[in-house]
Amino acid sequence: MTDVDVIIVGAGPTGLMLAAELRLAGARPLILERRPEQGKTPKAHGLSGQILDLLRYRGLLEKVRGLVTDPVPPHRFPFGGVHVDLTRFEEPPLKALSVRQQSLERLLEEHAIELGAEVRRGHEVVGLRQDDDSVTAEVRGPEGTYEVTAPYLVGCDGGRSPVRSMAGIGFPGTTYPEVNRIGQVKIPDGLTVHDNGDIETPELGLIKAGFTRTDSGVFALGSLTPGILFIQTTEDDPGEVDDDVPMTLTELGDSIRRVLGGDVPLGDPVRLSRYQFSARQAERYREGRILLAGDAAHLLPSTGTAINVGMSDSVNLAWKLAAEIQGRAPEGLLDTYHAERHAAGARALLQSRAQVALRRGHDEAAEALRAVFQELLDDESAARRLASHVAGTDTRYPMPGSGHALAGTFVPDLALETDEGATSVAELLRPARPVLLDLAGRPELRELAEGRVDVQIAKAEDRPADALLIRPDGYVAWAGDDADGLRESLATWFA
Ligand SMILES: Cc1cc2nc3c(=O)[nH]c(=O)nc-3n(C[C@H](O)[C@H](O)[C@H](O)COP(=O)(O)OP(=O)(O)OC[C@H]3O[C@@H](n4cnc5c(N)ncnc54)[C@H](O)[C@@H]3O)c2cc1C
């Protein structure tokens, strides 16, 4: 006897996205979050990459945008110790959206609850056991300890994931010793900011926007918001650091003095935080009826991409879990979650670890590596390729039944003409249902799909194939014109 369909441990961006996607797929999730209220420590201040398209397809991007700005190709996207200018591309391979993690989480929570998900705050999962049919969580709540049972449980419980430990899944990798301190501060009196972002300080004179390297570490300077300076220090030998003690302006000032050898005037802080980077990945994303997603499954040692990878895990997992629970999953469907997302996580780690190598080191050889890399990024194809890697848009899942160039990639947002009027792929994917898109009037293909997935007849300019079979996560399962390939693909994904 189970209480809900899926227990989700953790109400960060990964858990909240998973809950919303599970509701869209008709499953009943319950989120258990140990914090009584949303965490106050500032974390991400931006979202980038593939997930922005998915959020747009689900109609969520407009809501996020209401909080901030449009996604834009960044002028100086940081990659290790160098920057990539993505403003020069007509169709930029990577866009970023400036949004605070807390605002994003509030929006996702409202969305998940609106769709019917239950979120219990102040409920900590302290024990787990599983058998062939179900998994039971022992929960410490405000009124004492109780148990909840479900067919599946997903640990979206962050980098230190108690679920991962309780499931006995290893988390090999490296935690780097450098400590990074971030401050967003108002521009104080006594500091001149030039149009190009450089600053003039009374004690140290001119400090250039971007990275300043010294023997003690790195000072980074930029501005995302008018009137606010973004400052980050990275120290190789930071001394004693206590994660539980909140960062202060004095701590940031002391760190700047150690790195630069003098004071930089700092105005009132808008945000202060400190963090260390780790490069780790769970050995497996599934142990029986327990699965992992987000930071619980991978930690990336670079900025700006972790939420993209974590929320993309959720979108990949939700429809597969729902199909399992509702008894309509083909054999092995749930195992493709590990196959697809562990590989995507490993690829994200690859570019992210390369960033560690690029930003470390202050000697002439390290400077030369950065200079050569920066030069390569002036080349359009190199910059495009790197940005696609960072965005996760170069992810290609193996798709049985189709060798078409689109198979296994995220579906492009084609403009469509139907009998009911103009629409688009984004509109079709809003309810997160699988769909066969017939672009060439092929009744025999539609017949194969009817009853298993939605079927839509449409016309598109520059049609990429006669028909596309699109999974709920937006990936093209099959594209082409042959019935045999479509039959194989349908049998793989939709029983
Ligand atoms: C300073 C800083 C800046 C960052 N900047 C960026 C950025 O610009 N872009 C970006 O993409 N990423 C950024 N990140 C990374 C990003 O914050 C994480 O990748 C993201 O929070 C991971 O989301 P998650 O939902 O997987 O896990 P988390 O956000 O860690 O959420 C896990 C949740 O699980 C809960 N939990 C843990 N154990 C239990 C339990 N036993 N029972 C119940 N609940 C439990 C926790 O309380 C927490 O709420 C930044 C991180 C930091 C620290």
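Rule-based calculations on the coordinates, nothing more; no lab input. This one's a predicted model, so the numbers in the text were calculated from it and none came from an experiment. All Cβ positions, even for glycine, are placed from backbone atoms using ideal geometry, and neighbour counts span all protein chains on display.
Just going by the charge dipole of the chain, with Lys and Arg at +1 and Asp and Glu at -1 on Cβ, which of V315, H123, G26 is farthest out on the positive end?
With unit charges placed on the Cβ atoms, the residue in question is H123.
Provide the net charge surrounding R463, with neighbours chosen by a C-beta distance below 12 Å and charges set as Lys +1, Arg +1, Asp -1, Glu -1.
On the way: positive: R442, K459; negative: E417, D438, E461, D462, D466, D481.
That works out to -4.
Taking the Cα centre of segment 415-493 as origin, work out the dipole magnitude from +1 charges on Lys and Arg Cβ and -1 charges on Asp and Glu Cβ, in debye rounded to 20.
In total the dipole reaches around 300 debye.
Once you wrap a convex hull around the alpha carbon atoms of segment 415-493, what is its projected area averaged over all directions, in nm²?
Computed as one quarter of the Cα hull surface, the answer is 4.7 nm².
Just how many % of Cα pairs in segment 174-278 lie over 19 Å apart, if you round to the nearest whole percent?
39
Mind grabbing the base-10 log of I(q)/I(0) for segment 80-174 at q = 0.16, 0.20 Å⁻¹? Debye formula, identical points on the C-alpha positions, no solvent, two decimal places.
Treating every Cα as an identical point scatterer, log10 I(q)/I(0) equals -0.93, -1.14.
What's the angle, to the nearest 10 degrees (0 to 90), between helix 249-260's Cα axis and the longest principal axis of the chain?
70
Quick one: angle between helix 335-359 and the longest Cα principal axis of the chain, in degrees between 0 and 90, rounded to 10, please.
In the chain, helix 335-359 runs at an angle near 20 degrees to the longest axis.
Among residues other than Q130 whose Cβ falls under 13 Å from its Cβ, what is the net charge (Lys/Arg +1, Asp/Glu -1)?
Cβ neighbours under 13 Å give a net charge of -3.
Return the Rg/Rh value of segment 125-236, two decimal places, where both radii are evaluated on C-alpha atoms and Rh is the Kirkwood radius.
My calculation puts Rg/Rh at 1.28.
Could you work out the local net charge near G294, counting Lys and Arg as +1, Asp and Glu as -1, over the other residues with Cβ closer than 10 Å to its Cβ? Present the calculation step by step, with values, prior to reporting the outcome.
Details: positive: none; negative: D157, D295, D313.
Residues close to G294 contribute a combined charge of -3.
Which one, I113, G141, I231, is farthest towards the positive end of the dipole of the chain when Lys and Arg carry +1 and Asp and Glu -1 on their Cβ?
G141
What is the calculated FRET efficiency for A343 to V241, with r their C-beta to C-beta distance and R₀ = 41 Å, to the nearest 0.05? Intermediate values should be presented prior to the final figure.
On the way: r = 34 Å, r/R0 = 0.83.
That gives a FRET efficiency of 0.75.
About its Cα centre, what dipole magnitude does segment 174-278 give when the only charges are +1 on Lys and Arg Cβ and -1 on Asp and Glu Cβ, stated in debye to the nearest 20?
The dipole of segment 174-278 has a size of about 340 debye.
Please return the longest stretch of the chain lacking exposed loop sites, where GluC sites (Glu not before Pro) count only if DSSP places them in a loop and at most 16 other Cβ atoms lie within 10 Å.
The segment 332-419 is the longest one with no such site.
Relative to the Cα centre, what is the charge dipole magnitude of the chain, using +1 at the beta carbon of each Lys and Arg, -1 at the beta carbon of each Asp and Glu, and rounding to the nearest 20 debye?
It comes to approximately 460 debye.
Rounded to a whole number, what is D in µm²/s for segment 223-380 from Stokes-Einstein with the Kirkwood radius over alpha-carbon pairs (25 °C, 0.890 mPa s)?
On the way: Rh = 19.3 Å.
In µm²/s, the coefficient is 127.
How far, in degrees from 0 to 90, does helix 13-24 lean away from the longest principal axis of the Cα atoms of the chain, to the nearest 10?
For helix 13-24, the angle is close to 20 degrees.
Tell me, in nm to one decimal, what length is gained between A491 and Q326 on full extension, where the rule is 0.36 nm per residue of separation less the Cα-Cα distance?
Working: separation 165, 0.36 × 165 = 59.40 nm, distance 1.65 nm.
Taking A491 through Q326 to full extension adds about 57.7 nm, to one decimal.
Viscosity 0.890 mPa s, temperature 25 °C: Stokes-Einstein D of segment 1-123 from its Kirkwood Cα radius, in µm² per second?
Approximately 155 µm²/s, per Stokes-Einstein.
Counting pairs of Cα atoms in the chain, how many percent are more than 44 Å apart?
18
Considering just Cα atoms, how many Å³ per residue does the convex hull of segment 115-164 enclose? Don't jump to the answer; show the numbers that get you there.
Values: hull volume 5.0 nm³, N = 50.
It comes to 100 Å³ per residue, whole-number rounded.
Would any residue of segment 452-482 have its amide N under 16 Å from a label point 7 Å out along Cα→Cβ of S388? List them or say none.
Once the point is set 7 Å along Cα→Cβ of S388, 476 turn out to lie under 16 Å by backbone N, inside segment 452-482.
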